[in-house]
Amino acid sequence: MKKILFKGGTVVSSKGIRHADVLVSGEKIVAVGRRLAADAQEVDVSGKLIFPGFIDAHTHFDLEVSDTVTADNFDTGSKSAVAGGVTTIVDFATQNKGETLSDALNNWHIKAFANSSCDYAFHMAVSDWREDIRAELPAMFEQGVTSFKVYMIYDAMELNDREIYEIMAELKKYGGIVGCHCENSGIIGKLREEAISRGDTAPANHPKTRPDYTEAEAVRRFLTIAKAADAPCIVVHLSTAEGYQEVIRARKNGVKVYAETCPQYLLLDDSVYSAPFDKSSKYICSPPLRKSEDNRALWEALKHNQLNTISTDHCSFTLEQKRAGKDYFTKIPNGMPGVETRAVLMYTYGVKKRRISLQQMCAYLSENPARLYGMYPKKGAVKAGSDADIVIFDPKQSGVISAAKSHSACGYDPYEGVKTVGRIDKVFLRGRLVYSGGEVVLEHSGRYIARGKYNL
Ligand code: URP
Ligand code: ZN
Ligand code: ZN
């Protein structure tokens, strides 16, 4: 069995940082400690940080949506992931109306199989709640799908409160957990219609027709449903200060609620939407970018450990695809890339700006998603017995984000030209070097990860 000894680095976990060597044998970490010696290939990592492989628990690769398909499939998306230090993604197997959950899961296995350069798991996005779907749930758990997403908006996906309640109550029986896209569909639908009929068709109308209270109302309603069902839940891609207040309120009322945010809701704001179409359309995502006050409130929440994960909602479309909405902002496919830049952005604008600690960065990007999505300690830890998913991070390097260097098929980067501190130096996936020197050096070695129950 091949052995690798990482010498002289600083190992990061949610609990602390320590100088330690890490010994890997085959696919597993076998020892972490001072002055380890072994008959192994030595990798000098002095001056570098050793993180457990990052986990992006919110990606959309190869998703058919808005009459098109995301620019990144599992091939390009997962290469972009490993270049960002991500060794595991949790993508959304998405049930189209009329399909079974098994159909959706098989479709996603076909998309990912032999194409992924990082390990992958699936949430199940439910769009059609029926009695036969209820009966399928045990089979999902048997196949390692233990988290589910429901949408309060989007014609193709939207469920009503009763359906969401039923799903939550049913999943609770199996130890499952439900994440929700919280936006008020009725108000947003009406505001969009009004904007179009006034001739307000430019991208700047996207955030105007999705005001922050439409997220906050939906968060409150979702958490009311969770309370009624007495079920644990996740508010995904939380974007507003007002929505965050609803999370806090519900926790005080005894709701077991976890919350995820994304770099775009921490670092970008709605001022970008006043730019000409080819620039502003790149930032059309839902929920939309908000105000700098919202950015600040979410950083503050992270500082105080009140949010649980930072994922990306990587859902990329080329500029050509975005141009489908040239005449009507409502036709712009929603989403942006992010899987490749998350870690370095969180290090630069989180850790270096002292908004979060290094330990918190590790928790938000690796350990917490591993626990919340039933993969810990196989994933999310640099510990004896864990998978040897290892990110060697060089804090002394700096860089500039540029689409030209990106591995995504998107063709642009929302953070183009942004200066960063720290660099992903090397990435190991189950003991094998997959990324080094700015290149993916081993492709398509990702495996499906059947997950256990949430445990955070
Ligand atoms: O605009 C976004 N976020 N698109 C991805 C789908 C979703 O709602 O997460
Ligand atoms: Zn969503
Ligand atoms: Zn999403």
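The values are calculated or read from the model by the stated rules, or taken from the named source; none is laboratory data. Because the structure is predicted, anything quoted here is derived from the model rather than measured. Don't worry about glycine lacking a Cβ; one is built from the backbone with ideal geometry, like all the others, and counts go over all protein chains shown. Side chains are part of the model used for accessible areas, which takes the heavy atoms of the whole protein and leaves out ligands, DNA and RNA. Shrake-Rupley method; radii C 1.70, N 1.55, O 1.52, S 1.80 Å.
What the table below lists for this structure:
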item	result
Pick from segment 357-373, criterion crowded, with 24+ Cβ neighbours inside 10 Å and in contact with a Lys or Arg (Cβ under 8 Å, 6 or more places away or on another chain), ranking: nearest to C262 (Cα to Cα)	L365
The listed residue being within 16 Å of ligand 2 (Cβ to nearest atom), under 21 Å from V12 (Cα atoms) and in contact (Cβ under 8 Å) with a residue 24 or more places away in the chain, out of V421, V391, V339	V339
Unmet criterion (only one of (1) over 24 Å from S445 (Cα atoms); (2) in contact with a Ser or Thr (Cβ under 6 Å, 6 or more places away or on another chain); (3) buried (at least 23 other Cβ atoms within 10 Å of the Cβ)) for M157	(3)
Residue within segment 339-347 that is in a helix (DSSP H, G or I) and touching a Cys at 6+ places or on another chain (Cβ under 9 Å) present	yes
Flag if L289 is open to solvent by less than 30 Å² (accessible area, probe 1.4 Å), assigned to a helix (DSSP H, G or I) and in the same structural domain as E320 (by TED's automatic domain parsing)	no
Top-ranked residue of segment 152-172 - restricted to ones that are in a loop (DSSP other than H, G, I, E, B) and free of Cβ contacts under 8 Å to residues at least 24 places away in the same chain, ranked as nearest to ligand 1 (Cβ to nearest atom)	D155
Residue ID - surrounded by the fewest Cβ atoms within 10 Å (Cβ to Cβ), chosen from residues in segment 112-153 that are of a type in the set (D, E) and over 30 Å from V427 (Cβ atoms)	E131
Those residues of segment 6-31 which are over 15 Å from P52 (Cα atoms) and assigned to a strand (DSSP E or B), in sequence order	K7, G8, S25
Per-region count, segment 343-381, residues within 16 Å of ligand 3 (Cβ to nearest atom) and more than 17 Å from D119 (Cβ to Cβ)	0
Helices (runs of 4 or more DSSP H) wholly inside segment 237-286 that include at least 1 residues being within 16 Å of ligand 3 (Cβ to nearest atom)	241-252, 263-267
Residue that is farthest from the chain's Cα centre (by Cα) [pool: residues in segment 211-246 that are charged (D, E, K, R) and buried (at least 24 other Cβ atoms within 10 Å of the Cβ)]	E246
Qualifying residue in segment 61-71 (condition: open to solvent by less than 10 Å² (accessible area, probe 1.4 Å), under 19 Å from R430 (Cα atoms) and within 16 Å of ligand 3 (Cβ to nearest atom))	no
Strands (runs of 3 or more DSSP E) within segment 32-83 that include 2 or more residues within 16 Å of ligand 2 (Cβ to nearest atom) and touching a residue at least 60 places away in the same chain (Cβ under 8 Å)	54-59
From N205, N160, residue being out of contact with any Phe, Trp or Tyr (no Cβ under 6 Å at 6 or more places or on another chain) and on the phi < 0 side of the Ramachandran plot	N160
Residue within segment 189-201 that is within 14 Å of ligand 2 (Cβ to nearest atom) and under 30 Å from L101 (Cβ atoms) present	no
Considering residues of segment 431-447 that are among the small types (G, A, S) and touching a residue at least 12 places away in the same chain (Cβ under 8 Å) only, the residue farthest from K379 (Cα to Cα)	G438
In segment 255-289, residue nearest to ligand 1 (Cβ to nearest atom) [restricted to those that are touching a Lys or Arg at 6+ places or on another chain (Cβ under 7 Å) and among the small types (G, A, S)]	S286
Of all residues in segment 304-329 being polar (S, T, N, Q) and under 22 Å from G411 (Cα atoms), the one that is farthest from ligand 2 (Cβ to nearest atom)	T318
